[in-house]
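Asker: Supplied in structure tokens, the structure appears directly below.
What follows draws every value from the coordinates through simple rules; no lab data is involved. Please read these numbers as outputs of a predicted model, since none were measured by experiment. Quick reminder, even Gly has a Cβ in these numbers, built from the backbone with ideal geometry, and neighbours come from all protein chains shown.
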Amino acid sequence: DGGITQSPKYLFRKEGQNVTLSCEQNLNHDAMYWYRQDPGQGLRLIYYSQIVNDFQKGDIAEGYSVSREKKESFPLTVTSAQKNPTAFYLCASSTDGTNYGYTFGSGTRLTVV
Amino acid sequence: AQTVTQSQPEMSVQEAETVTLSCTYDTSESDYYLFWYKQPPSRQMILVIRQEAYKQQNATENRFSVNFQKAAKSFSLKISDSQLGDAAMYFCAYMSGWGAQKLVFGQGTRLTINP
């Protein structure tokens, strides 16, 4: 079955460390997205990519970085510059130009210890 | 920039009753799409219903329907015959009809179903 796979499900990071969250899709979708979810704030867009080798900042990109070297993959790195990284991170994808909404992954819970 | 507001952080309803979740949005665009997503305790986001702004007819999916008031910029979700499995966080979201397909989400409403 086609879908989006996020790994790991739970991730613990020490302060000052960078950590990379994986997102892979086999839906042949052009666009991919990263959102952060905090209690009471809904989902906020971190980065998005509409095509391979191109990506744009979302509303809260500071302290994060991404790459899009393959259509199927859109990893997110949470750097030490992100002051409050503990959150639930959701990856999503969509077929460009259809406006049918997203297919979401199951998320990664990142905790700083 | 577009914004989406869900003014009800929590709602509860008796099983088999009907409940309406509110959503308002702010935009100057005429071409856009609106969505309701459900996030159960598993935290998997599930698309509930989608509305195209240029269609006056309200979208319906089985027990879920919307009341889309374009002039008032209101997009409420009605759940009929509520079931225990409907308990979840519900998010309203906006997507512009132009450019990148970015979803802008509201803060969410936590729905509890009382047996």
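Asker: List the aspartates and glutamates whose Cα lies under 20 Å from the Cα of B:K38, skipping any in the same chain that are fewer than 8 positions away.
Answerer: A:D38, B:E10, B:E15, B:E17, B:E52, B:E61, B:D81, B:D86
Asker: Right, here's the next one. Taking 8 Å as the Cα distance limit and 6 or more residues as the minimum spacing, I'd like the relative contact order of chain B as a percentage.
Answerer: After rounding, I find 38 percent.
Asker: Would you tell me the mean number of C-beta atoms belonging to other protein chains that fall within 10 Å of each C-beta in A:39-49, as a whole number?
Answerer: Neighbouring Cβ atoms belonging to other protein chains average 4 per residue here.
Asker: Inside 10 Å of the C-beta atoms of A:101-107, what's the mean count of C-beta atoms belonging to other chains?
Answerer: The shielding value for this peptide is 6.
Asker: Take every Cα pair under 8 Å in the stretch A:32-103 that's 6+ residues apart, average their separations, divide by the length, and report that relative contact order as a whole percent.
Answerer: Relative contact order for the stretch A:32-103 comes out at 30 percent.
Asker: May I pose another question? Round to a whole angstrom and tell me the spacing of the C-alpha centers of the stretch B:75-114 and the stretch A:54-79.
Answerer: 26 Å
Asker: Bin width 5 Å, alpha-carbon pairs only: give the P(r) of the protein assembly as shown as whole percents, running from 0 to the bin holding the largest distance.
Answerer: 1, 7, 14, 18, 19, 16, 13, 8, 3, 1, 0
Asker: Then there's this: Which Cys in the protein assembly as shown stand alone, with every other cysteine's Cβ at 4.7 Å or more from theirs?
Answerer: So far as the 4.7 Å Cβ criterion goes, no cysteine stands without a partner in the protein assembly as shown.
Asker: Let me ask another. How do the peptides B:36-47, A:33-44 rank, highest first, by the average count of neighbouring beta carbon atoms within 10 Å per residue?
Answerer: Top to bottom by mean Cβ count within 10 Å: A:33-44, B:36-47.
Asker: Running a GNM on chain A with Cα contacts under 10 Å, which residue among A:F12, A:F88, A:F55 ends up with the highest mean-square fluctuation?
Answerer: The residue that fluctuates most here is A:F12.
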